[in-house]
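Below you will find the structure I want to go over with you.
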Amino acid sequence: MDTYELRQTLFVEVLLPLNLKNTFTYRVPFELNEEVVIGKRVSVPFGKKGVMAGLIYAISEIPPKSYEAKYIFDIVDSEPIVSEQQLEFWTWMSRYYMTSLGLVYNAAMPAGLKMEGESKMILQPEFDSTTTLDPKEILIVESIRANKEFSISQAAAVLKIPRIHKYVKSLYMKGAILLKEDIQETYKPKVVSYLRMSNEVQENNALNDLFDQLEKRAKKQLQAVMTFISKYSITGECEKTELAKQGASNAAINTLIDKGVFTVEQREKSRITFSEGAAAPEDLQPTQLLAYEAIQQAFLERKPALLYGVTSSGKTHIYTHFIKEYLQKGKQILYLLPEIALTSQLIGRLAAYFGDQLVVSHSKFSNNERVEVYQAIADNKPLLVVGTRSAIFQPFGNLGLIIVDEEHEGSFKQNEPAPRFHARDCAMYLAAKSKSHVILGSATPQVESFYNAQHGKYAFIPLTERYKGAIMPHIHVVDMQQQKKQKRLRGIFSDTLLNAISDAKSKGKQTILFQNKKGYVPVLECNVCAWTPKCENCDISLTFYKYQDNLRCHYCGYTHKVINECAMCGNKGIELIGYGTERIEDELELYLPDLKIKRLDYNTTRLKNAHSKIIDEFANGEIDVLIGTQMIAKGLDFENVTTVGILNADHLINFPDFRANERAYSLITQVAGRAGRRTEQGMVYIQTSKPDHFIIEKIVENDYRGMYERELVERKEFDYPPFYRLIKIQLKHKDALLLYKLGYVAKSHFANYFGDKMLGPEKPYVSKIRNWYLLNFVIKIENSGVVLKEQKHKLAAAVEALLKNLDFRQAKIVIDVDPM
């Protein structure tokens, strides 16, 4: 770490958590020179906001050429809260994904470590009143004297002094004022009340006297004392809340505290630690051991390992052995999962093995929990960090291994807001920089990953047998057209599927039903004129939610009361088109009323730990049928599930996207893999009107390679990944007509840079979101690092030139590198 002389003139580049292209140069007061370190937070004057907190990004002795640098007000931290390695990672992410560094900073830091408020001015007690002051400086000093302290923004507003920071700086340099830092960290440690019996009461005679008094007058207090003695006499203390959970009332406990029977001590307690793990992972099966050794060989060759294991092959079991190995080496491990729902079941297994070395990181955590996770990892102790895509931003300083489970999942890609990063690809960069290793695991790898493995970029490790000889499920394709002709349909169900669910119940087995649509029905439609209710803010039909009794937009959250008649023709015949998870639950209860049914979707898992509760109930056999969206497709392990139903495979296959076939294969295969994961073979029922579709055939044959090879032919012909990289440019405007005009201006402009490699403009599938109308352009770039870098530079220059056009002042341009 560099140190600087007291009278040396220093400047710092400060990174602010704003969507701004550059850092900002500030001058350091001489007295703060020795405290200047990259990664510390500073308070700085900034625009009309008064004072902001930012990070020291770089230190220099060279002043800015085009303006006079303002002084920083203060250095907030005694030690850096962000390492130079983190800043290097943020810089790479900013450049690769063509977004501002400030937005990366904003996404990376826990809210509890971001700062609020601003500096306040107080008078310097030893100020020499004979010092000459400017009239405006006198006005500021008098205002501070009247108010004892005065914030800079208050002074600017009340005194109406333009460029107030100039006078604040002058007063500060003259020694007239001090800056009282009023920037507060929003993080607060968790404080717990611990109870002990007071020493006076613990003497035998005193304790007997207490029992006699309480038995006559306060039986609830006596119960609290007796509970404490019986449960906590060995440790001699307990948390106040724990005693209450044992049946003691809070009122009785508080009265005993007032009487001096209990003493209270406030202590900080971690929100994130698990109990110490004692179990050792089971030995690996022969096929798993071969895969384990192949991965070790890949690490020796400095290659990422693609573990291509069929569903229920025991990939997680292999991971646990690597985790144990790297923890014993004193290293940190990042274990990335695509969904929060996956973490709950996995955490129970990992906690049994690794206990207090396990840390969880995901978006359902409170701000305080996120700060504790961040600080625990920053200590560089050997830890297993399990989390979703945002865990990639944790402050790893001792990283040894990254595991990306279900690496094919689109959930690893962040779409909104920026930065629009892909956690798997960022993991590759982190691993390269930290000299750590990567395992990618999937039963249905992304086509690009499988291509990399086939061409030597990744090591390819197949795992083709299920764990302990479990049999792959039998897949039965139900032709819904034929069922309809034979009048065998029961609402949205085939009689084949209903019979299978009933049969599973009679044998004490469980069923999973998959439909990747929330709500009751996705569309209401007039049966005369085909009018449908749409969102006021988005170009999308409103979804009907029966249990909330409203219509709702999945993009902006807009709600509307349920429609009973057509707004166009007044007809009262409103039909329900399609079905979501709510309707499946409703109709299944109608046909099989004795079943215990629950849903696992976004709406039932909004509350913290709600998904864990549902998964635990299902694992414990309290639920017969679990209905879910794609949450149930990813890595969950239920030993009693023998039947799986895919309600509508067609809407997955028919989606207008070049990845539709790959996604359909992946989702259906992953859901099917939940069946028969122990000794009994599972049965999977796929309801479709296209039983001869090649994707359905490949799923039945469990032929991933056949799907991959056919996809590869088409993608090569039409210039898609893995042969080409994509960058999407989205043009947004509040005025549809003006947007289309600007679209053709942009097309002509982009043609000067990219010729026919720029496709568009084109309306997306949903062409209006939150009152912004949308047009898309796409650039296809040869998959070469040098070419990609050159094209990005050209694109940045093209967008910058376009934004200078005054017609684009009210428009937004969004760049998405490697869109999913």
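Counting only C-alpha contacts under 8 Å and six or more residues apart, can you give the relative contact order of segment 544-634 as a whole percent? Walk me through the intermediate numbers first.
On the way: 83 pairs, mean separation 18.7, N = 91.
Relative contact order, segment 544-634: 20 percent.
Classify the chain as rounded, prolate or oblate, taking a ≥ b ≥ c as the square roots of the eigenvalues of its Cα gyration tensor: rounded when a/c is under 1.5, otherwise prolate if a/b is larger than b/c and oblate if not. Show your work: numbers first, answer last.
Working: a/c = 1.64, a/b = 1.19, b/c = 1.38.
In terms of gyration-tensor shape, oblate.
When we measure straight from the Cα of Lys136, which lysines land under 20 angstrom away, once same-chain ones fewer than 8 places off are left out?
List returned: Lys48, Lys70, Lys120, Lys148, Lys160, Lys166, Lys169, Lys174.
Suppose all protein chains stay in the model; what accessible area per residue would a 1.4 Å probe give for the chain, in Å²?
Numbers: 38780 Å² over 820 residues.
Here the residues of the chain average 47 Å² of exposed surface.
Follow-up question, since we're still on this one. Using the Cα centre as the reference, give the magnitude of the dipole from point charges on the C-beta atoms of segment 197-326 (Lys, Arg: +1; Asp, Glu: -1; all else neutral), rounded to the nearest 20 debye.
Result for segment 197-326 is approximately 520 debye, rounded to the nearest 20.
Based on the Cβ-Cβ distance of Cys569 and Glu697, what FRET efficiency does E = 1/(1 + (r/R0)^6) give at R0 = 51 Å, to the nearest 0.05?
0.70
Hey, another quick one. Nearest 0.05, what FRET efficiency do Arg217 and Glu325 give at R0 = 60 Å with Cβ-Cβ as r?
0.45
Give me the net charge of Thr581's neighbourhood, meaning all other residues with Cβ under 9 Å from the Cβ of Thr581; Lys, Arg count +1, Asp, Glu -1.
Values: positive: Lys517, Lys518, Arg583, Arg599; negative: Glu582, Glu585, Asp601.
Charge balance in the 9 Å sphere: +1.
Let me know the charge dipole size of segment 579-639 about its Cα centre in debye, to the nearest 20, where only the beta-carbon of Lys, Arg (+1) and Asp, Glu (-1) is charged.
Numbers: 8 positive and 13 negative charges, 81 e Å.
Using only the charged Cβ atoms, the result is roughly 380 debye.
For Ala796 and Cys529, FRET efficiency with R0 = 35 Å and r from the beta-carbon atoms, rounded to 0.05?
Details: r = 48 Å, r/R0 = 1.38.
The formula returns an efficiency of 0.15 here.
Rounded if a/c is under 1.5, else prolate if a/b is larger than b/c, else oblate: which is segment 431-536, with a ≥ b ≥ c the root eigenvalues of its Cα gyration tensor? All intermediate terms of the calculation are to be shown ahead of the outcome.
Values: a/c = 2.81, a/b = 1.54, b/c = 1.82.
Note, shape of segment 431-536 comes out oblate.
With 17 Å as the cut-off, how large is the P(r) tail for segment 642-741, expressed as percent of Cα-Cα pairs? Write out the running numbers ahead of the final one.
Values: 3068 of 4950 pairs.
Tail of the P(r) past 17 Å holds 62 percent of the pairs.
Residue separation times 0.36 nm, minus the C-alpha to C-alpha distance between Tyr744 and Glu416: what's the value?
Details: separation 328, 0.36 × 328 = 118.08 nm, distance 2.56 nm.
Value of the extension gain: 115.5 nm.
Just grab the label-to-label distance for Ser193 and Gln154, each label 7 Å out from Cα along the Cβ direction, in nm (one decimal).
3.4 nm
Please list the radius of gyration and Dmax for segment 500-628, considering alpha-carbon atoms only, with Å as the unit.
16.9, 52
Oh, and also: In nm, give the distance between the simple-model label positions of Glu84 and Lys457, each being 7 Å from the Cα along the Cα-to-Cβ direction.
In this crude label model, Glu84 to Lys457 measures out at 3.1 nm.
For segment 474-558, state what percent of all Cα-Cα pairs lands in each successive 5 Å bin, counting from 0 Å until the bin that includes the largest distance.
P(r) over segment 474-558, rounded to whole percents: 3, 11, 15, 15, 15, 14, 13, 9, 4, 1.
What ranking do 495-506, 760-771, 795-806 get when scored by the average of other Cβ atoms within 10 Å per residue, highest first? Let's see the in-between values first.
On the way: 495-506: 17.8, 760-771: 15.8, 795-806: 14.2.
Packing proxy ranking, top to bottom: 495-506, 760-771, 795-806.
Go ahead and estimate [θ] at 222 nm for the chain from helices alone: -39,500 (n - 2.57) per DSSP H run with n ≥ 4, summed, over the residue count, rounded to 500.
Numbers: 26 runs with 291 residues, N = 820.
When only DSSP H runs of four or more count, the value is -11000 deg cm²/dmol.
Let me ask something else. For the chain, what is the charge dipole size about the Cα centre, in debye to the nearest 20, if Lys and Arg each add +1 at the Cβ and Asp and Glu each add -1 at the Cβ? Each step should come with its number before you reach the end.
Values: 105 positive and 98 negative charges, 370 e Å.
I would put it at about 1780 debye.
OK, next. Please compare each pair in Lys757/Lys780; Lys509/Lys598; Lys732/Lys757; Lys728/Lys812 to a cut-off of 18 Å on the Cα-Cα distance and tell me which ones are over it. Spell out each step's value before the answer.
Numbers: Lys757/Lys780 6 Å; Lys509/Lys598 15 Å; Lys732/Lys757 21 Å; Lys728/Lys812 14 Å.
From the list (Lys757/Lys780; Lys509/Lys598; Lys732/Lys757; Lys728/Lys812), the Cα-Cα distance tops 18 Å for Lys732/Lys757.
Decide, for segment 602-686, between rounded, prolate and oblate: order the square roots of the alpha carbon gyration tensor eigenvalues as a ≥ b ≥ c, take rounded if a/c falls under 1.5, and otherwise choose prolate if a/b is larger than b/c, else oblate. Walk me through the numbers on the way to the answer.
Values: a/c = 2.40, a/b = 1.33, b/c = 1.81.
Cα axes put segment 602-686 in the oblate bin.
Among Lys21/Lys747; Lys534/Lys690; Lys433/Lys457, which pairs are too far apart, with a Cα-Cα distance over 19 Å?
Details: Lys21/Lys747 24 Å; Lys534/Lys690 29 Å; Lys433/Lys457 17 Å.
Violating the 19 Å limit, Cα to Cα: Lys21/Lys747; Lys534/Lys690.
Sticking with this structure for a sec: First compute the accessible area of the chain with a 1.4 Å probe, then give the percent of it belonging to carbon and sulfur atoms. Before the final figure, lay out the partial values.
On the way: 18830 of 38780 Å².
Whole-percent figure for carbon plus sulfur exposure: 49.
Residue farthest toward the positive end of the dipole of the chain, with Cβ of Lys/Arg at +1 and Asp/Glu at -1: which of Tyr744, Ser494, Val225?
Farthest towards the positive end: Tyr744.
Among the lysines, which fall within straight-line cross-link reach of Lys216, defined as a Cα-Cα distance under 20 Å, with same-chain neighbours fewer than 8 residues apart omitted?
Cross-link targets: Lys259.
To the nearest Å, what is the center-to-center distance of segment 437-502 and segment 232-250, using C-alpha atoms only?
After rounding, the separation between the Cα centres reads 50 Å.
Let me ask something else about it. State the extension gain, in nm to one decimal, for the chain segment bounded by Ala610 and Arg95, taking 0.36 nm per residue of separation less the distance between their alpha-carbons.
Numbers: separation 515, 0.36 × 515 = 185.40 nm, distance 3.79 nm.
Additional length available on full extension: 181.6 nm.
Enter the Cα centre distance for the pair segment 781-820 and segment 717-753, rounded to the nearest angstrom.
9 Å
The values are calculated or read from the model by the stated rules, or taken from the named source; none is laboratory data. Quantities reported herein were computed from a predicted structural model and do not represent experimental measurements. Backbone-built Cβ (ideal geometry, glycine too); neighbour counts: all protein chains shown. Please note that ligands, DNA and RNA were not included when accessible areas were found on the heavy atoms of the full protein model with its side chains. Shrake-Rupley method; radii C 1.70, N 1.55, O 1.52, S 1.80 Å.
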